[in-house]
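Structure first, then comments.
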Amino acid sequence: MRVGILGGGQLGRMLALAGYPLGLRPTVLEPGEESSAGQVCPHVAGEFDDYRALYELARGSDVVTFEFENVPVESARWLAERVPVFPPPRALEVSQERLAEKQFFVSLGIPTPPFAAVDSRAEFDAAVASIGLPAVLKTRRFGYDGKGQAVLRTPADCEAAWAKLGGRALILEGFVAFDRELSLLAVRGRDGRIAAYPLIENVHRDGILHRSVAPAGNLGEELNERAAEYASRVLAELDYVGVLTIEWFQDGPRLLANEMAPRVHNSGHWTIDAAVTSQFENHLRAVCGLPLGRCDAVGHAAMYNFIGAVPPVPEVLANPDARLHVYGKSPRAARKVGHVTLRAGTADELADRLPEWDAQFERRPFVKAE
């Protein structure tokens with residue numbers, strides 16, 4: 001089966017690599033002549049609203065999917081008239097606009113932080129008065145890895161944030177003094193079957209994912225089951241096919257939905273080396289109409305992103321537990337260029353080794369922003 005992928009970054013690369021053992025033939029569409037995914041599979045060069053390029057991808061594909069959520073909805077709908085597209089374009093529409101996304105969660109009975117639409121200075125002031133400080137002001141579209149948002153702790157922060165972000169469609173969200181950040185990856189097949197990976201604990205730095213631990217410790221079955229049940233509501237409502245990721249704030253016994261990504265996700269990279277079936281393989285199984293694989297973790301794992309530059313390979317591989325993945329990207333500030341996954345047999349072993357691994361990968365090089 002021929003699989004078209006909108007987007008040629010590292011997620012597209014890992015989807016392509018997961019497809020070959022299944023006998024799939026991937027092709028990516030990505031602006032520019034070079035891409036991370038294009039190093040391992042055919043690459044159609046074109047913008048995501050270039051209908052010539054979209055037609056070329058559709059003509060060479062039996063099914064089309066995407067690796068990031070900022071694909072134009074109109075392009076996904078145009079493709080869907082010519083070839084099956086999964087996840088459905090409506091999932092893109094909901095996830096691309098933060099206000100619509102929060103309202104969607106609420107409509108399904110899924111808890112979120114308090115929020116308010118902000119389309120003017122008067123609405124901003126009213127939202128701050130209603131929600132209170134601290135809070136987070138975000139653009140409703142195109143924010144990613146911490147971009148397009150500002151944390152408000154004082155009235156002075158409000159002025160600076162409005163000067164930076166005002167004039168666009170915004171959303172104000174109450175700041176959650178969370179215990180930790182979690183994510184859940186779930187997958188739904190064409191036949192409606194749903195499977196979920198265990199909850200993952202995430203640590204972000206400067207808005208970019210730094211480390212993921214899976215399964216997240218000290219949760220209990222009840223929290224895992226609740227997260228999976230919430231995800232099932234989203235999957236069913238959207239008639240979703242493929243992997244869906246929901247990011248959560250854990251506040252004691254509560255789970256508050258932060259945002260969702262209708263695609264494979266950075267916090268699930270550990271599944272390549274430490275799950276029965278990787279998120280990438282399961283996404284392809286789903287969109288191609290194949291039976292889903294098991295989502296169980298194999299032992300316990302920690303995944304670290306390399307941001308800006310990859311450390312010397314011999315240094316990383318000197319750790320015998322390391323499974324290194326390099327994306328073929330040139331070094332650049334704030335750019336995800338690779339990751340490493342390390343496995344432990346038990347939760348206690350992981351807890352014992354995590355400080356050592358944290359120290360090792362704390363020293364990884366970064367490219368400084370100019």
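Odds and ends about this structure:
- Here the accessible area of the chain is 51 percent carbon and sulfur, with a 1.4 angstrom probe and all protein chains present.
- ³J(HN,Hα), Karplus 6.51/-1.76/1.60, whole Hz, each residue of region 59-66, x for Gly, Pro: 5, x, 10, 8, 8, 10, 9, 9
- Cα shape, region 140-215, gyration tensor, a/c 1.5 rule: prolate
- Per residue, the accessible area of the chain comes to 42 Å² when a 1.4 Å probe rolls over the protein heavy atoms.
- Cβ charges +1 (Lys, Arg) and -1 (Asp, Glu), total dipole of the chain, debye: 620 debye
- FRET E, pair Val203, Glu81, Förster distance 45 Å, beta-carbon r, rounded to 0.05: 0.60
- For Arg25 and Arg233, the difference between the fully extended length at 0.36 nm per residue and the C-alpha to C-alpha distance is 71.7 nm.
- Residue order by solvent-accessible surface for Arg188, Arg205 is Arg205, Arg188, largest first, with ligands and nucleic acids left out and a 1.4 Å probe.
- Distance between modelled label sites at Ala334 and Thr154, nm, 7 Å Cα→Cβ extension: 2.4 nm
- Taking the C-alpha atoms of the chain, convex hull volume expressed per residue in Å³: 144 Å³
- Peptides 94-105, 73-84, 277-288 ordered by average Cβ neighbours within 10 Å, highest first: 277-288, 94-105, 73-84
- ³J(HN,Hα) computed for each position of region 82-99 - Karplus, 6.51 cos²θ - 1.76 cosθ + 1.60, integer Hz, glycine/proline x: 10, 7, x, 10, 9, x, x, x, 4, 5, 4, 4, 5, 7, 6, 10, 4, 5
- Links that overshoot a 25 Å alpha carbon limit, given the list Lys147/Lys336; Lys102/Lys329; Lys102/Lys336: Lys102/Lys329; Lys102/Lys336
- Toward the positive end of the charge dipole of region 141-225, with +1 on the Cβ of Lys and Arg and -1 on the Cβ of Asp and Glu, the farthest Cα among Pro155, Gly167, Val203 is that of Gly167.
- Between the amide H of Lys336 and those of Gly308, distances stay under 5 Å, these residues lying 5 or more places away or on another chain, with hydrogens modeled in the peptide plane.
- Anisotropy class assigned to region 193-282 is rounded, per the alpha carbon gyration tensor with a/c under the 1.5 cut-off.
- Distance between the modelled labels on Arg254 and Asp125, one decimal in nanometres: 2.9 nm (7 Å Cα→Cβ projection).
- Cα gyration tensor shape of region 256-370, rounded if a/c is under 1.5, else prolate or oblate by comparing a/b with b/c: oblate
- Taking a point 7 Å out from the Cα of Lys164 in the direction of its Cβ, the residues of region 206-248 whose backbone N falls within less than 20 Å of it are 206-210.
- Residue-wise HN-Hα couplings along region 218-232, as the Karplus relation 6.51 cos²θ - 1.76 cosθ + 1.60 with θ = phi - 60° gives them from phi, are 6, 9, x, 5, 4, 5, 4, 5, 5, 4, 5, 5, 4, 4, 4 Hz; Gly and Pro carry x.
- Taking the helices alone, the chain has a mean residue ellipticity at 222 nm of -9000 deg cm²/dmol, built from -39,500 (n - 2.57) per DSSP H run of at least 4 residues and averaged over all its residues.
The values are calculated or read from the model by the stated rules, or taken from the named source; none is laboratory data. It should be emphasised that the depicted structure is a prediction, and the values quoted were computed from it without experimental measurement. Cβ atoms come from the backbone with ideal geometry, glycine included; neighbour counts cover every protein chain shown. Keep in mind that these areas ignore ligands, DNA and RNA; they rest on the heavy atoms of the full protein, side chains included. Shrake-Rupley method; radii C 1.70, N 1.55, O 1.52, S 1.80 Å.
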